[in-house]
There are 2 protein chains.
Amino acid sequence: MAEARKTTPDMITQIVLDAYKDAPDPRINEILRELIKALHGFAKAVQLKPDEVISAAQFLTRAGQISSEKRHEFILLSDVLGLTMLAETMNDDLPEGAFEPSVLGPFYREDAPMIEHFDNISRGDNDGLPALVVGQVRSIDGSPIPRAHLDIWQTNNNGLYENMDDSQPDFNLRGQLSADEDGRFAFWTVKPEAYPIPTDGPVGDLLEAGQRHNMRPAHIHFIVSAEGFKTIVSEVFVRDDQYISGDAVFGVKDSLLADFVQVDEPEIAAKYDMVNPFWRLNYDFVLVEGERAKHDFSTTR
Amino acid sequence: MAEARKTTPDMITQIVLDAYKDAPDPRINEILRELIKALHGFAKAVQLKPDEVISAAQFLTRAGQISSEKRHEFILLSDVLGLTMLAETMNDDLPEGAFEPSVLGPFYREDAPMIEHFDNISRGDNDGLPALVVGQVRSIDGSPIPRAHLDIWQTNNNGLYENMDDSQPDFNLRGQLSADEDGRFAFWTVKPEAYPIPTDGPVGDLLEAGQRHNMRPAHIHFIVSAEGFKTIVSEVFVRDDQYISGDAVFGVKDSLLADFVQVDEPEIAAKYDMVNPFWRLNYDFVLVEGERAKHDFSTTR
């Protein structure tokens, strides 16, 4: 038998790094190198066992097999490990004070109905208590952005999006709106409600292993855009939601917390044929100059 | 709008670490903490883009969806990233000079036929040129290990295992053998041949992106065990195989390289009804005291 030096873990890592060092695409080359370093570094940090490698493979196989056109378990896995939010945030390149991005989520639909100011995007019979959302879209220098565009979607007070709930009308609680010449907008909706992410797949097992709940605090999704400004995909959260500090997918940022205030204004309620008292949310969006997204958001999941 | 500090990437990492910090199982707790650190560290090192997260999710989804009872794409992914070998090697706890472990691979079958010394495990008509394998199973202190057990499997000279090739007899090129009172063994087989790993799934795309071939250098698999000694799952490689320095799954270790020598011994060939000249491999297995595996290896993939 040959007299050979025992192969060490570090020798294996170097052999693997060397094997991929000629990947011709520079970005893939960089990603593979850092991925191998991180993966092997992780394995060494925990002294990963062979049967744990097999358990991990089984976990990932289940994630792939539960996935479908409508179910993206690996995106959800990225979400609950904070990777989705990290990638958004690392690349947002925004100054302090700008409207910050958050996760798009799986419930976006293109081509929501265009609405006028003070129209109501709640078209169902039992969506919840009315809420008036008002604000202004401004540039980071404080000047209003005329005709800025809002694309809006949210749950009803049962925590359900219309495309997950047959009892709601098509495109319920979705709408698109142009701000006025002064960047101002107003629309009626309902106060959204917290909702669960699916736990019938391996992501559910991961949350359970971490003793984490599977709830997202209540929020309204917004895509805010305007010619000459960077498009921002984000969400505005109900500040006093019970799940606000434990969002299952880590979408919450301090600057995205907003106060839904119950107001008693019978004249306004009567003018728009709403019950009184109602909820009111003031939230302004601050955009930064840049290229407007040409992106089709519906294809990103 | 609230005056809030912009959320930084490091803040997100800390929020995610905190979210999983109460995982009650200490091993899962440790693994999740180090996994989050490694995953976020990797994402930051390459400034991972949101669309790259989606590409990664699509890659992993395909891996799950091509997997089946017989196809384990995530194990293969672990193999080609060197993780499988790393986990084996980190945990082997063996001194210099001991028989080193390597990957089990997906082709093991339990209950291969028991053979006697000098029996031939080649039962096919066209398996290749005969090879006589001889050696001794010893303890690390040099003393022979009587009745040590060998479980053996390999390809024919077309690089095919019998359970992947309808033209071979059942259990062809597989066998189990007990060493004699002096730990010595001998059996006839054929010289194995290099073979490809599957490239019709995402692992194939990864190899292509890395400009790596998909070949495993020729080898014979061995599981060597004895009462009072640690069981070793490994492989012995044909040293002069053209793929020896680029094993697709990184199973090669220096101490596992062995010389198949062509010998001209007409009397031995005649005694065992073999062609002359034939191949000869001498390889000794050195085991270390410990607990014999109770493991059913067939269930590990």
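The set of residues from the range A:254-289 being within 11 Å of chain B (Cβ to nearest Cβ) and touching a helix residue (DSSP H, G or I) at 6+ places or on another chain (Cβ under 6 Å) is empty.
Residue by residue, here is whether (1) modelled with pLDDT of 95 or more; (2) within 14 Å of another protein chain (Cβ to nearest Cβ); (3) buried (at least 16 other Cβ atoms within 10 Å of the Cβ) holds:
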residue: B:Glu100; (1), (2), (3): yes, yes, yes
residue: B:Pro113; (1), (2), (3): yes, no, no
residue: B:Ser122; (1), (2), (3): yes, no, yes
residue: B:Ala131; (1), (2), (3): yes, no, yes
residue: B:Arg147; (1), (2), (3): yes, no, no
residue: B:Trp153; (1), (2), (3): yes, no, yes
residue: B:Leu160; (1), (2), (3): no, no, yes
residue: B:Phe171; (1), (2), (3): yes, no, yes
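Screening the candidates B:Gly105, B:Gly82 for the property of being closer than 29 Å to A:Ala23 by Cβ, small (Gly, Ala, Ser) and at the interface with chain A (Cβ under 8 Å from one of its Cβ atoms) yields one hit, B:Gly82. For the range B:10-48, residues that are in contact (Cβ under 8 Å) with a residue 24 or more places away in the chain and touching a Phe, Trp or Tyr at 6+ places or on another chain (Cβ under 7 Å) total 2. Each residue in the range B:1-52 was checked for being modelled with pLDDT under 95, more than 7 Å from chain A (Cβ to nearest Cβ) and part of a helix (DSSP H, G or I), and 1 pass.
Looking at the range B:75-187, the strands (runs of 3 or more DSSP E) lying wholly inside it that each contain 3 or more residues that are small (Gly, Ala, Ser) sit at B:130-139. Meeting the requirement of 1 or more residues that are outside the structural domain of B:Ser139 (by TED's automatic domain parsing) and not basic (Lys, Arg), no strands (runs of 3 or more DSSP E) wholly within the range B:221-301 can be named. Go through the range A:53-73 and count every residue that is assigned to a helix (DSSP H, G or I), facing chain B (nearest Cβ under 7 Å) and either touching a residue at least 12 places away in the same chain (Cβ under 8 Å) or not β-branched (Val, Ile, Thr) (or both). Result for the range A:53-73: 5. Considering (1) within 24 Å of A:Ile220 (Cβ to Cβ); (2) surrounded by 23 or more Cβ atoms within 10 Å (Cβ to Cβ); (3) of a type in the set (A, V, I, L, M, F, W, C), the lone condition that A:Phe107 does not fulfil carries the number (2).
What do you reckon, is A:Ala209 within 14 Å of chain B (Cβ to nearest Cβ), out of contact with any Lys or Arg (no Cβ under 9 Å at 6 or more places or on another chain), free of Cβ contacts under 8 Å to residues at least 40 places away in the same chain and surrounded by 14 or more Cβ atoms within 10 Å (Cβ to Cβ)? Against the criterion (within 14 Å of chain B (Cβ to nearest Cβ), out of contact with any Lys or Arg (no Cβ under 9 Å at 6 or more places or on another chain), free of Cβ contacts under 8 Å to residues at least 40 places away in the same chain and surrounded by 14 or more Cβ atoms within 10 Å (Cβ to Cβ)), A:Ala209 qualifies.
The values are calculated or read from the model by the stated rules, or taken from the named source; none is laboratory data. Note that the coordinates shown come from a computational prediction; the quantities given were computed from them, not determined experimentally. Glycine gets a Cβ as well: all are built from the backbone with ideal geometry, and neighbour counts include every protein chain shown.
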